[in-house]
């Protein structure tokens, strides 16, 4: 199980982020845990919407949607070149998410892996 803080550029220097994205590589399942103390306005859009609805444990369906919003789509022009640059032979969201640290052009959020220990 891999775990990542969801953080935002330029916001404090705290160790912790706003929420935790988890990925089970063996089962290909995502999840997000949002602390109830976090203001939904401090979350990426889809997670903020869920938190406003009182959903703080995000299941695979919505966590995967969050991930897909943050990676290059499979139908992108020149996707083959991008996959070669990343070093993968087929399209898969997780290696792309990891390669970009979850950054996208819609906001200032990024992922930082939580190392075991």
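Please state the Cα pair-distance histogram of segment 50-96 with 5 angstrom bins from zero: what percent is in each bin?
Binned Cα distances yield the sequence 5, 19, 24, 18, 11, 9, 8, 6, 0.
For residue 112 and residue 81, calculate 0.36 nm times their separation in residues minus their Cα-Cα distance, and state this gained length in nm to one decimal. Mind dumping the intermediate values first?
Values: separation 31, 0.36 × 31 = 11.16 nm, distance 2.56 nm.
8.6 nm is the gain from fully extending residue 112 to residue 81.
In whole Å, how far is the Cα centre of segment 37-53 from that of segment 61-76?
18 Å
I'd like the orientation of helix 60-69 relative to the chain: the angle between its Cα long axis and the longest Cα principal axis, in ° from 0 to 90, rounded to 10.
For helix 60-69, the angle is close to 60 degrees.
Calculate the all-directions average of the projected area of segment 1-62's alpha-carbon convex hull, and give it in nm².
Average projection, Cα convex hull of segment 1-62: 4.4 nm².
So how many Å³ per residue does the convex hull of the Cα atoms of the chain work out to? Intermediate results must be reported in sequence, preceding the final value.
Numbers: hull volume 14.5 nm³, N = 117.
Given the Cα convex hull of the chain, per-residue volume reads 124 Å³.
Each reported figure results from applying straightforward, stated rules to the coordinates on display, with no laboratory input. Keep in mind the model is a prediction, meaning the values are calculated, not measured.
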